[in-house]
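Visitor: I'd like to ask some things about the structure below.
The values are calculated or read from the model by the stated rules, or taken from the named source; none is laboratory data. Everything numeric in this text was worked out from a predicted model, so none of it was measured. Here the Cβ positions follow ideal geometry from the backbone for every residue, glycine too, while neighbour counts run over all protein chains shown. Just the protein is used for accessible areas: all its heavy atoms, side chains included, with ligands, DNA and RNA removed. Shrake-Rupley method; radii C 1.70, N 1.55, O 1.52, S 1.80 Å.
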Amino acid sequence: MKVSFRSSAPARAAALTFGLFFTPLVSADIGNLSFISPVEAQPAVLTKFQSAALNTYNDAVKQFRSVLRLRRAQINSNQQLPNLPGQAPYLARINMMSTYKDLTDALPSKIGRPNKFGIPPAYFDADNESLLDEYVNLFNIMQAPPFNAQNSDTPFNDVVDLGTDIGRAKRLDATNAEVVGRISLGIFFAETNGNQNIGNARSNTYKGSLQTGASEDQNGQKRWAAIKKVIKAFDPALIARDAKEEARVSNLDHRLNHWTAVRDGLMNAHADVFPQIPAIVKAMPDPIDQMKLFELIQIIPSPTMSALNSGIFPNYKISDLTIMGYLRNNSIFTFGQVDRAKTSTTFREILDAMWLFDDKFERALSKFEEIKAQQKSVP
């Protein structure tokens, strides 16, 4: 990816799409949210600091519930939603989790049972699961693909096939090209939770299956045009499919077509890094860490590339407050006063702090293994 930061990086799409990294589960009835109570069981005596943390958290829960109810009422009554309708719910959710982390830091006894979303219990009270159910349901509505979006019948296979062939075109051997396919699928899950052609309720800039901006997509188109002949030499079937999708999307925004959006997004942001895959795999054998690395190229491209080229990637240090802000906007060092007070960090610490991505990447790995098994079963 280009070395300069995006001017709109604070609205980066990765954590914007749902603002939280879990799969939509059962539908929550917003009308039944009143039963959810703030933290009630208290020690006999609270210090002034503990009492303040408790009150702040209870207020945050009430505010989150209120924002969700308002947005649900607007949707159900077909009212026009405000610009960036996901922003207020996102900020309220961040505040609820942040104040809960502050509370559990002050009162470790408040750390409760595991929750179905896999969020560390120190950051989220499982009694409020239905609030997050409703949050996801609202984002599914607010970010639904536009009416003229062009879906694929094989969205996951498309991502793997495009990534793998781009890797091969970058002169990777079959094993490392397969790694590219796997990482590409991880990026798709990280950006959209595996949903094709979605919008973005927190940004008017980013959209589509890889949540790219218009200029990024156009840059990806140019780079694809330069590599097509190489791919055609070893995979003419993929280029034939590409021609069909180009004809299908015609003069529409390429981000409205799943195939072209993925293709252009990979070419714009990641293709130039793919030749480093053998070294990356050697230094970072964990597939989840590999996916996190390439997601960081989406979020903070310049520092990530500098760290990659430094030879000391895990220990490469960031001390720029603007970059720290970009990370926080993507649910990294976001929750609680302790994390938000950090003014510097290493890339190893960043990877460890990307725990909200873990479930997405694990599902991407599972889907990738499923695709590979299907391919092997074909005679």
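Visitor: Pairs please, first residue from the stretch 325-354 and without any contact (Cβ under 8 Å) to a residue 40 or more places away in the chain and closer than 19 Å to PRO314 by Cβ, second anywhere and assigned to a loop (DSSP other than H, G, I, E, B) and among the basic types (Lys, Arg), Cβ atoms under 6 Å, 6+ apart in sequence or on different chains.
Guide: PHE333/LYS342
Visitor: Same structure again: Of all residues in the stretch 115-127, count the ones that are among the charged types (D, E, K, R) and either assigned to a loop (DSSP other than H, G, I, E, B) or crowded, with 20+ Cβ neighbours inside 10 Å (or both).
Guide: Adding up the residues that qualify gives 2.
Visitor: Please work out which residue is surrounded by the fewest Cβ atoms within 10 Å (Cβ to Cβ), limiting yourself to the stretch 128-160 and to residues that are touching a residue at least 40 places away in the same chain (Cβ under 8 Å) and over 21 Å from the mean Cα position of the chain (by Cα).
Guide: Ranking the candidates gives ASN148 first.
Visitor: Next question, about the same structure. Have a look at LEU308, LEU252 and point out the one that is in a helix (DSSP H, G or I), surrounded by fewer than 23 Cβ atoms within 10 Å (Cβ to Cβ) and over 19 Å from the mean Cα position of the chain (by Cα).
Guide: So the residue among LEU308, LEU252 that is in a helix (DSSP H, G or I), surrounded by fewer than 23 Cβ atoms within 10 Å (Cβ to Cβ) and over 19 Å from the mean Cα position of the chain (by Cα) is LEU308.
Visitor: Against the conditions (1) open to solvent by 60 Å² or more (accessible area, probe 1.4 Å); (2) of a type in the set (Val, Ile, Thr); (3) touching a His at 6+ places or on another chain (Cβ under 7 Å), where does THR260 fall short? Just the number, please.
Guide: (1) is the only condition that THR260 fails.
Visitor: What's the number of the condition ILE75 fails, among (1) among the β-branched types (Val, Ile, Thr); (2) surrounded by 21 or more Cβ atoms within 10 Å (Cβ to Cβ); (3) over 30 Å from THR47 (Cα atoms)?
Guide: With (1) among the β-branched types (Val, Ile, Thr); (2) surrounded by 21 or more Cβ atoms within 10 Å (Cβ to Cβ); (3) over 30 Å from THR47 (Cα atoms) applied to ILE75, the lone miss is (2).
Visitor: A further question follows. When the residues of the stretch 313-367 are filtered to those that are farther than 24 Å from GLY186 by Cα and in contact with a helix residue (DSSP H, G or I) (Cβ under 6 Å, 6 or more places away or on another chain), which remaining residue is surrounded by the most Cβ atoms within 10 Å (Cβ to Cβ)?
Guide: Residue satisfying both the conditions and the ranking: ILE318.
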